[in-house]
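Every number here is computed from the coordinates shown, using simple stated rules; none is lab data. Small disclaimer: the values here were computed from a predicted structure and weren't measured. Cβ sites come from the backbone with ideal geometry, for glycine too, and all protein chains shown count toward neighbours.
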Amino acid sequence: MLRVLELIQRFAPLDTPVLIQGETGTGKELVAHALHHLSPRAAKPFVTVDCAALPETLAESELFGHERGAFTGADRPYAGRIVAAAGGTVFLDEINAVSLTMQGKLLRFLEAGELFRVGQQRPVSVNVRLVSATNLPLEGLVREGRVRADFYYRLNILRIELPPLRERRDDVPLLVEQFLEEDPAAREHGVREVAPDVLAELSARDWPGNVRELRNALRRAIVLGAEDGVLRCLEADERAPVREDPWAEPATAAGTTAGFRAWMREREREYFCELVRRYRTVSQQTAASGLPQRTLYRKIKGLSLVRVLALPDAA
């Protein structure tokens, strides 16, 4: 992590794109924020784009913007996320989820500093720094044909590799201490320390979800089991199931298929969460997703998102 901090300080003053690689939960977005706040662009916007939550039909419009009337439902012009970050930094999280077609359009923007809004014939110049992140090794995706080689080389000029928590177990006590100082749940329950045996158990675990999983486990344990300002035990279900290492070679065809299905379901859940967050009415959601209303409701219900289902159109 000292090497990571050194690279952040060296890369921050530059305008060159930075690629952040690391497993889920290792803190890639925190690194992106640090690169921005330590840069000359710190006073300008920092815009995050979750590429995995962008449907293919909306990706170009969300990133590059569109003109009024460019497509059905475009009743007003939209500048797009990249223009919204003008002068600052745009952070493309899970860049590995971007389609090949969109990779080509992003590549042109990276090389020329210009973009075309949907429905517009003249290019728009944008001064913005690109920071991207991936939770899968892009080199392997290039070999599989899922990432363009020229796109990868353009992203991979400056790179920061974030080590998983299991490779830096000595950091666990420091992370726990920081969590107790900063987390609202810890302050609300008056938890100021963790019992030594609990801290030893936390340090011994592999944490496949990395820092995010550690933080969530601590928060659950504080809410359910803290006494007298001390966290003395963890819940029985805190031991997370072993998950496949995304950076390792695939094991068997059956395991790969199961892992892919789980990954696809998670991406689907993220997409529908973002859809119901961004669009308030059923008509807006069906227009944005391109799904029939009945199918949309079935998907949302199947993912246990009924509580956040859209308001009726009359609302």
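Among 173-182, 89-98, 156-165, the peptide with the highest mean count of other Cβ atoms within 10 Å heads the list, and the full ranking is 89-98, 156-165, 173-182. In terms of the mean number of neighbouring beta-carbon atoms within 10 Å, the peptides 142-148, 131-137, 269-275 order highest first as 131-137, 269-275, 142-148.
Applying 1/(1 + (r/R0)^6) with R0 = 45 Å to the Cβ-Cβ distance of Asp228 and Arg168 gives a FRET efficiency near 0.90.
FRET efficiency for the pair Ala112 and Leu141, taken as 1/(1 + (r/R0)^6) with r the Cβ-Cβ distance and R0 = 25 Å, rounds to 0.55. The tail of the calculated P(r) for segment 1-110, taken as Cα-Cα distances beyond 16 Å, holds 63 percent of the pairs. Rounded, prolate or oblate for segment 1-50? Axes are the square roots of the Cα gyration tensor eigenvalues, ordered a ≥ b ≥ c, and the cut-off for rounded is a/c under 1.5. Oblate, since a/c reaches 1.5 and b/c is not below a/b. Glu29 sits among other residues whose Cβ lies under 12 Å from its own Cβ, and their net charge, with Lys and Arg +1 and Asp and Glu -1, is -1. Estimated from the Cβ-Cβ distance and a Förster radius of 30 angstrom, the FRET efficiency linking Thr101 and Ser283 is about 0.65. Taking label positions 7 Å along the Cα-Cβ direction at both Arg76 and Ile157, the computed distance is 3.6 nm, reported to one decimal.
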